[in-house]
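Down below is the structure, laid out as structure tokens.
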Amino acid sequence: MRLRELWRTTPFQLTLMHGVVFAIAVMALMGLIYQQTAGYLARQIDAIVVSEARNLTLGGAEHLPERVTQAVATDSRHIEYYGLFSAEGIWISGNVHTLPPTLPIDGVPREIHAKNLQPGARALVKRTPWGEVLFVGHDALVLTGLRTIIVNALLLSGGLILVLDLAAAAVLSLRPLRRIDDLRAASRAALKGELGVRLPVSRRRDEIDMLAGVANAMMDETERLLWEVKSVGDNVAHDLRTPLNRLRARLYRVHQETKLEGVDRLMIDQALAETDEMLTRFRALQRIGEIERRDRQAFFEPVRLQSILEHVIELHAPLAEDRGVTLVADITANAPEVSADPTLLFEAVSNLVDNALKFTPNGGKVTVRLSVREGGPRVEVTDNGPGVPADEREAVLQRFYRAKRTRTEPGSGLGLSIVTAIARMHHFTLSLDDARPGLSVALDCWPRGIEG
């Protein structure tokens, strides 16, 4: 399973999104816990600072410096800070030797920032009843430890959530991806022309099954309509061949047994020619139907294109000589074999050469070329006839369509349609290009890629 396909699946994205939302919720919860705890600890530190300042001033002014010194000495954790200053700001005792300029002398605890203090430390400055200035501070060591614990918990839980979320997303995406692969396989078979293939539907009846059910219903209706259309054309061609054959037989009998002359005989000849052309078209339509109904793999075998082209050229050499057209072979000897129906492939190339000879003027040239491209072997039939305009090259592959430049020539307009049907059956690519002058028809003898 390709990773980029895993990332694009809806279960993976939804699970990942839920994990991100959960991680954000955990972070918000931890942040709220820290905020509430930090506020509580700040209030506790404020109470400690106020209590220490009050206790120091209770014993009177005579021994206040000694009490400050003793408070410093008894602070074994080194988180308490004291300083006693004269009214003029001269240091008297304590481990703080300079009054912070940012703290007002009002006895209210505030946060204090200093190099040797942790973020969140609190302190107050108050004037004693005897005129001295007392500084009392408390470091926020507990708050710093709590912050470290919460940050570590966030990192650890965030990493765990991310790993578990990715694992859960991958596990939840595997089953839908396998089902999508099954749908792709069935869709590729349908694209190759296997009309009886249907998309698999599980017992879960989830959204994938609902879409598969709708697609199967569409394929059922498409198959029904397609076979109806094909059967109409085939039945018309089949049913009309008998009366047309009878009509031709009667016209031929009239032509042979009567003594019509002049315009009457000419009309009979024209009627015979028109009847022959109609019969040729019906036979071509039936041939296309036979090709389209044929089992696509039943007659496939390794085929040497060199042999097929040599037989086609041998077959058409007398016709080319009669028309005064030079038939040239340019066949590479190292072309690989292809998996194909040899009879149909011979028919396709033969139709291409026959078309080229038909529209190439006397003294012209038709080249049959076999070359090897990156994808596989290519068969090209090139002439120097009138060619086909660029805006008509797709249309001439359709049934009965004839290019404007060649509509005066005899023919049914179904030769390229037969080649198209054979190419489609083999999943080969048929393309038309300008030969300057003339037309170049290329048959790329390797299967077209089917996306999905």
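Per-residue packing, averaged as other Cβ atoms within 10 Å, sorts the ranges 119-130, 204-215, 344-355 into the order 344-355, 119-130, 204-215, beginning with the highest. Cβ-Cβ distance of E374 and D434, R₀ of 30 Å, FRET efficiency by 1/(1 + (r/R0)^6): the value works out to about 0.85. Backbone phi angles across region 318-324, fed through the Karplus curve with coefficients 6.51, -1.76 and 1.60 (θ = phi - 60°), yield HN-Hα couplings of x, 4, 5, 5, 5, 7, x Hz in residue order; Gly and Pro are listed as x.
Close amide H contacts of A121 (hydrogens built in the peptide plane, cut-off under 5 Å, sequence separation of 5 or more or a different chain): I112, A140. Paramagnetic label reach from L155 (point 7 Å along Cα→Cβ; backbone nitrogen cut-off under 14 Å): within region 11-26, no residues. Once the C-beta distance of A25 and S307 is scaled by a Förster radius of 60 Å, the resulting FRET efficiency is 0.25 to the nearest 0.05. Think of region 317-388 as having a plus end and a minus end, set by charges on the Cβ of Lys, Arg, Asp and Glu; of P342, P318, G363, G363 sits farthest toward the positive end of this dipole.
Amide H contacts of I331 (H built 1.01 Å from N, in plane; Pro and chain starts excluded): L370 sit under 5 Å, all sequence-distant by 5 or more or on other chains. For region 29-174, build the charge dipole from Cβ charges (+1 Lys, Arg; -1 Asp, Glu) around the Cα centre, then report which of V136, I33, P100 sits farthest towards its positive end. It is I33, whose Cα lies furthest towards the positive end.
For region 339-387, state which trypsin sites (Lys or Arg not before Pro) are in a DSSP loop and have at most 15 other beta carbons lying within 10 Å of their beta carbon. Intermediate values should be presented prior to the final figure.
Details: sites: K358, K365, R369, R373, R378; in loops: R373.
When the trypsin sites (Lys or Arg not before Pro) of region 339-387 are filtered for loop state and at most 15 Cβ neighbours within 10 Å, R373 remain.
Treating the beta-carbon of each Lys and Arg as +1 and of each Asp and Glu as -1, no other charges, what is the dipole magnitude of region 3-144 about its Cα centre, to the nearest 20 debye? Walk me through the intermediate numbers first.
Details: 11 positive and 12 negative charges, 117 e Å.
My answer is approximately 560 debye.
Across region 59-76, computed HN-Hα scalar couplings (Karplus, 6.51 cos²θ - 1.76 cosθ + 1.60, θ = phi - 60°) run x, x, 7, 5, 10, 4, x, 5, 5, 5, 5, 5, 4, 5, 5, 7, 7, 6 Hz from first to last residue, x flagging Gly and Pro. How high is the FRET efficiency between E223 and H427 when r is their beta carbon distance and R₀ equals 25 Å, given to the nearest 0.05? Plugging the Cβ-Cβ distance into 1/(1 + (r/R0)^6) gives 0.80. Sequence-ordered 3J(HN,Hα) estimates for region 114-121 from the Karplus curve with 6.51, -1.76 and 1.60 and θ = phi - 60° stand at 8, 4, 8, 10, 6, x, x, 4 Hz, glycine and proline given as x.
Here, each number is a calculation from the coordinates, and none is a lab measurement. Note that the structure is predicted; figures quoted are calculated from it, not measured. All Cβ positions, glycine included, derive from the backbone under ideal geometry; neighbour counts span all protein chains shown.
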